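Here is the structure we will look at.
The numbers here are math on the coordinates, done by the rules we state, and not lab data. This structure is a prediction, so every number in the text was calculated from the model and none was measured. Quick reminder, even Gly has a Cβ in these numbers, built from the backbone with ideal geometry, and neighbours come from all protein chains shown.
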Amino acid sequence: MKALCIYAGPKAKLHLSQHGLSAADIGVIPAAAGGPKGLILGPLDRFIFNDWLPTSQQTVDLVGASIGAWRMATACMPDSQAGLLRLEKDYIHQHYELRPGEKFPSAQQVSDSFRENLDVFYGGSIESLLKHPRYRLHVLTSRGKGLLKREHAVLSPLGYGAAFLSNVIHRKAMGAWLERVVFSSSGALPFGTQDYPTRHLSLTPGNFMDVLQASCAIPFVLKSVHDIEGAPSGAYWDGGITDYHLHLDWKTSASSAKQSGLVLYPHFQKSVVPGWLDKRLKWRHKATSFLDNTVVLAPNPDWVKTLPNGKLPDRQDFSTYGQDLQSRVKVWQAAVSASAQMADEFAAWLGQPQMSKVQDL
């Protein structure tokens, strides 16, 4: 394997050494926030959801934040193969015309455009995807409290400053400013919630669009979503703020003392960073017991260096290429095309699992 790395927690590694990995082993699939980085996982998503998982029959919990929520919701669509391909195309080609005097599109412009795209993308499919016969969808959002209860030009930056300082002191202390709110199509949460203040609500046809938009609402890039149907009042932002890479207590579910099934995590790096404000807090990037039964599929850092610009697609590319849509599309499409190698290597490993290829998470 040259493009793909497989990392496993101790319990997952023991399972792989004794049994290999079958689709029937999977109980949860998480999907991280991370913007354009998630594009690199498109071929893996399509292989997992359209070729591999259909060989099993168990219920699987799909948990996503931000672009991860978009990916997992799309995996629940009646024609997920077409949906995932369309998501990839739409994301790569997104473009915002600048108004006179602007260097960047306004948050309102981005939000309005994003909502229009969501309406077209999921129109007519919401009820069916929420009632998927096998997949239970869980979408993470971050609900503002205190200074962040309503979006405000002055109070919101102050609130996020306070949240940052609280988070440095202790991750759980950030809960005074931002609450984790998970909206689920059905079932209990597939992770424990003692690590952070959490609220669990129903994901319904009436609030689906607002919830998905909120989960993708990067502060100051998009507008927050206020007063979601069936949820407490307040401003709801990107689920990645509280749970950037979903470093959740997968070893304990809300309904039982033991999580059933392995957690299969297609990710764009080895580290599973807890919250968006933890990106620079390197001491929080290490694996914990929460990930003991997790298998992470991630691009090989050496392979990433062979991609255009020697890196994964990321949000900085919007600034780098500016209004030159054609150049950005070319670079992102090249990276996504190359990432098909990750899916091919995973399929080959499943056919002949070699523990020498599995690293400690």
Cβ-Cβ distance below 6 Å, separation of 6 or more or different chains: which pairs start in segment 1-12 with a residue that is closer than 25 Å to L312 by Cα and end on one that is among the aromatic types (F, W, Y)? K2/W303; A3/W303; L4/F346
Subset of segment 24-38 [surrounded by fewer than 24 Cβ atoms within 10 Å (Cβ to Cβ) and within 15 Å of V336 (Cα to Cα)]: G35, P36, K37
For the list (1) of a type in the set (S, T, Y); (2) farther than 26 Å from P219 by Cα; (3) in contact with a helix residue (DSSP H, G or I) (Cβ under 6 Å, 6 or more places away or on another chain), I need the number of the one condition that T74 fails. (2)
When the residues of segment 106-145 are narrowed to those that are in contact with a Cys (Cβ under 8 Å, 6 or more places away or on another chain) and of a type in the set (A, V, I, L, M), which ends up farthest from A176 (Cα to Cα)? L129
Residues that are in a loop (DSSP other than H, G, I, E, B) and within 19 Å of C76 (Cα to Cα), drawn from segment 191-216: L203, T204, P205, G206, N207, C216
Would you mind finding the one in Q333, Q359, Q323 that is within 20 Å of Y91 (Cα to Cα) and not in a loop (DSSP other than H, G, I, E, B)? Q333
The one condition R115 fails out of (1) touching a residue at least 60 places away in the same chain (Cβ under 8 Å); (2) of a type outside the set (G, A, S); (3) more than 25 Å from G261 (Cα to Cα); (4) in contact with a Phe, Trp or Tyr (Cβ under 9 Å, 6 or more places away or on another chain) is (4)
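Looking only at segment 55-81, count how many residues are assigned to a helix (DSSP H, G or I) and surrounded by 13 or more Cβ atoms within 10 Å (Cβ to Cβ). Working first, answer last.
So the first thing to find is which residues in segment 55-81 are assigned to a helix (DSSP H, G or I), and the list is 55, 67-75, 80-81.
The next check asks that each one be surrounded by 13 or more Cβ atoms within 10 Å (Cβ to Cβ); those that pass are 67-75, 80-81.
Residues meeting the conditions: 11.
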If Y135 satisfies every condition in (1) more than 23 Å from G42 (Cα to Cα); (2) crowded, with 19+ Cβ neighbours inside 10 Å; (3) touching a strand residue (DSSP E or B) at 6+ places or on another chain (Cβ under 7 Å) but one, which is the exception? (1)
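Considering segment 150-175 alone, what residues qualify as being closer than 18 Å to L281 by Cβ, without any contact (Cβ under 8 Å) to a residue 40 or more places away in the chain and not basic (K, R)? First the steps, then the outcome.
In the first step, residues of segment 150-175 are kept if they are closer than 18 Å to L281 by Cβ; the result is 160-175.
Now narrow it down to the ones that are without any contact (Cβ under 8 Å) to a residue 40 or more places away in the chain: 161-162, 165-166, 169-170, 172-173, 175.
G161, A162, L165, S166, I169, H170, A173, G175, listed by residue number.
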